[in-house]
Each structure stands twice: as structure tokens, then as C-alpha cells.
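First up is the structure itself, then whatever we jot down about it.
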Amino acid sequence: MKRGFEIVSTKQEQGLQLPQRQTAQAAGYDFAAAEDFTLPSIWKGNFLKVLWKLHEQQKLTATDFQDADACLKPYLVPTGIKAYMQEGEFLLLANRSSGPLKRRLILPNGIGIVDADYYNNEGNEGEIFFQLVNYGLRDYHIKKGERIGQGIFMPYLLADGEQTPLAQRTGGFGSTQK
């Protein structure tokens, strides 16, 4: 087994499809949502109120900023998919070109990185989630099976003289262990 995809055990019976490339020369494997999911617009609620106060040059409190920041948080959209790969490889997660253009959905960090040791981790079995933000004016309703992002297997290089880290991954999403 060199590299590929599997459905996580908890979603085996949900009729999910493994990611696939859409054309012979496509680099990216399209990932789909494992369930219906609503991504709220960032332009709702407290974020817009804070922008209005800024426009009106009103004084903002720490609570105003905290409430506005809460509206800007990304949401984790589940795929039900995990990826296995060789040492020296990672899976790069990226926007589909239609995401920002047609749906106003973006990965807030630009890309995502799925390390080889994320596969079958104790925290979530290595399920891949796409971190998304909806900058459109309306909430966006993702349907189960709708393509939400793409993954590209990539090699990486190591620095000369690096001391190999001894830590082993013990958790799931965003949980580098030290």
C-alpha cells in the first residue's frame, strides 16, 4: 500500500464515495461532505455590528471584539475519509477552484496539511475535515456528497542535520503532540 483513501469505520454504512480525480491530468482528488452541513455567513450578527461601530468611529469593548471574532471562526466539515501514505509524504488540502468563485467558501489557512501519522490516530481514526469559512452574504447549505475541497499527495524534504522528533501522534485534528 503506497497511498490512498479509506472510509472511517464509523461511517462505513453511509454510502460515502472515496475521493477521486475528475480528469486524467487532474492533480487533486475531490473530497465530498459526509453529511448535510450549514456554514453560516460571517456577515451575520456581531461581526457586522462591530464593522458598523468601526465605520461610525464608536469605541469598541473587548467583548465587542470577542463576539465579532466568534463569527469568523472556521467550521470543520467532515468527509468520513482517511488517507494513508508513505513516509516522506503528506496530503495537501486545498480549495476547489469553484469554492471561492461560486460558493464563497474558503479554507481560512489557505491550505491544510494531513501528515502520514494522522492516519488511524487515536483521536478520530484519521478522519479528514475541511476547515471552511463562508464569506458569502447568506448561509451556505452543503449537501451530503457535495464536493468541498481537494487533496493532493506531495513529497516533502528534511533539513540537513535535523534531529528526528521522538514524539508520536496521539490525537486527532490539530493536535501536534510534544
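A few points about this structure:
Table: residues versus (1) of a type in the set (S, T, N, Q); (2) modelled with pLDDT under 95.
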site: Phe5; (1), (2): no, no
site: Leu18; (1), (2): no, no
site: Thr23; (1), (2): yes, no
site: Gly28; (1), (2): no, no
site: Ala32; (1), (2): no, no
site: Glu56; (1), (2): no, yes
site: Thr63; (1), (2): yes, yes
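- On inspection, Asp69 does not qualify as surrounded by 14 or more Cβ atoms within 10 Å (Cβ to Cβ) and acidic (Asp, Glu).
- Per this entry, Thr79 is not counted among residues that are β-branched (Val, Ile, Thr) and either under 15 Å from Tyr135 (Cα atoms) or loosely packed, with under 12 Cβ neighbours inside 10 Å (or both).
- From the options Asp64, Asp69, residue that is free of Cβ contacts under 8 Å to residues at least 12 places away in the same chain, over 29 Å from Thr10 (Cβ atoms) and acidic (Asp, Glu): Asp69
The values are calculated or read from the model by the stated rules, or taken from the named source; none is laboratory data. Everything numeric in this text was worked out from a predicted model, so none of it was measured. For neighbour counting, all protein chains shown are included, and Cβ atoms are generated from backbone atoms with ideal geometry for every residue, glycine included.
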